[in-house]
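A short write-up of the structure that comes next.
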Amino acid sequence: MFLKIYSYAGWTKIKFVLFVVYYSFCRTRFSYFHHLLYLLCADYEVNALSYDYTASIQCLAKPKKPQYGGGIIVNPQFNHGLKGWSVFGEAKIKHRELGGNKFIVAHSRNQPRDSVSQKIYLQKDKLYTFSAWIQVNKGKFPVAAVFKTATGFKYAAAIVAESNCWSMLKGGLTVDASGPSELYFESKNTFVEIWVDSISLLPFTQEEWRSHQDESIDKARKRKVLLSKQLISEARL
C-alpha cells in the first residue's frame, strides 16, 4: 500500500514539475515534444475550462481573440511572427500587420492545399474543438481547415471567406489513431490568398465533453422553467 501511495505521489510531483517546465520553456519553442508535454500536463489547465459556444456569423473588420487563448496552438495570434508555422505544399507565406492586427498570409498558391500549416500531436481518445478567423484577398470563396493525420485527412470546419473582413471558422474533430498530424487550410480557388488569424485547438476528454453537454442541457431546462414562470406571472396580471 505504501509503495502504491508513494508511486502516485511521485508521479503527481513529476507531472507538476513538467507543468512548470512547460510554461517556463516549451511555450518558447515548437516541436512535437511541446504538444506531448502539454497533453501530459493538460489536466492542470483543461479541467477548469467550459466549452465555449461562442460563434460569429458576422464578417468583422478585426478578428476576435482565439478561444481558450489558442489552446495547444503555438503562436495563435502571430504576435511572434511566423514562429511555429510553416509552408504546406508549394505556397509562400508571410507575416502581415494591418491596423495593429497581426496575421499570416498564404499566397502564390498553385494547388488547393497550398497554404500555411502547423504540426500537432493528436490523441485518439480526445475530442478537439477548433476555430480560426479567415479572410481572402478578393471576392468570396470557401476555405476549409484540414488535419493531415497518419490515417488520412480530417476536415474540421469550413466557411465562405470574404475580402475586407474576417469570418469565423468553427468546428471540431476526432482522430482514428494517436500520432503526429498537420493542420492546414484549403481552398480550391488557388488564385486567392488565404489570410488566417486567431487559431484555436483544444482537446476535451469524453468525460469533460459529456459534462459540458449535461451542463448545457441543465441551463436550457432552467431557462425554460424561468420563462414559463414569467409567462404565468404575466398572465395573472
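Counting just the residues of the stretch 119-161 that are among the charged types (D, E, K, R) and not in a strand (DSSP E or B), which one comes out nearest to Glu208 (Cα to Cα)?
Lys126
Looking at Leu36, Leu18, Leu98, Leu40, which one is closer than 16 Å to Trp195 by Cα and either surrounded by 12 or more Cβ atoms within 10 Å (Cβ to Cβ) or modelled with pLDDT of 60 or more (or both)?
When all the criteria are applied, what remains is Leu98.
Any residue at all in the stretch 140-147 that's in contact with a Gly (Cβ under 6 Å, 6 or more places away or on another chain) and among the small types (Gly, Ala, Ser)?
no
A quick yes/no check of all residues on (1) of a type in the set (A, V, I, L, M); (2) farther than 28 Å from Val175 by Cβ:
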position: Phe88; (1), (2): no, no
position: Ile93; (1), (2): yes, no
position: Leu98; (1), (2): yes, yes
position: Asn101; (1), (2): no, yes
position: Arg113; (1), (2): no, no
position: Ser117; (1), (2): no, no
position: Gln123; (1), (2): no, no
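Taking the stretch 162-184 only, how many residues are hydrophobic (A, V, I, L, M, F, W, C), farther than 18 Å from Lys124 by Cβ and in a strand (DSSP E or B)?
Matching residues across the stretch 162-184 total 3.
Hey, among the residues in the stretch 143-177 that are crowded, with 20+ Cβ neighbours inside 10 Å and of a type in the set (Phe, Trp, Tyr), which one's nearest to Ile194 (Cα to Cα)?
Restricting to residues being crowded, with 20+ Cβ neighbours inside 10 Å and of a type in the set (Phe, Trp, Tyr), the top hit is Trp166.
Are there any pairs with C-beta distances below 6 angstrom linking a residue in the stretch 181-195 that is among the acidic types (Asp, Glu) to a residue that is part of a loop (DSSP other than H, G, I, E, B), with the two at least 6 apart or on different chains, and if so which?
That search, which allows pairs on different chains as well, returns Glu186/Pro112; Glu186/Arg113; Glu193/Asn137.
What about Asn189, is it in a loop (DSSP other than H, G, I, E, B), at positive phi and out of contact with any Gly (no Cβ under 6 Å at 6 or more places or on another chain)?
So Asn189 fails the test.
The values are calculated or read from the model by the stated rules, or taken from the named source; none is laboratory data. On a predicted model such as this, the values are computed, not experimentally measured, just so you know. Glycine also receives a Cβ, built like all others from the backbone with ideal geometry; neighbour counts cover every protein chain displayed.
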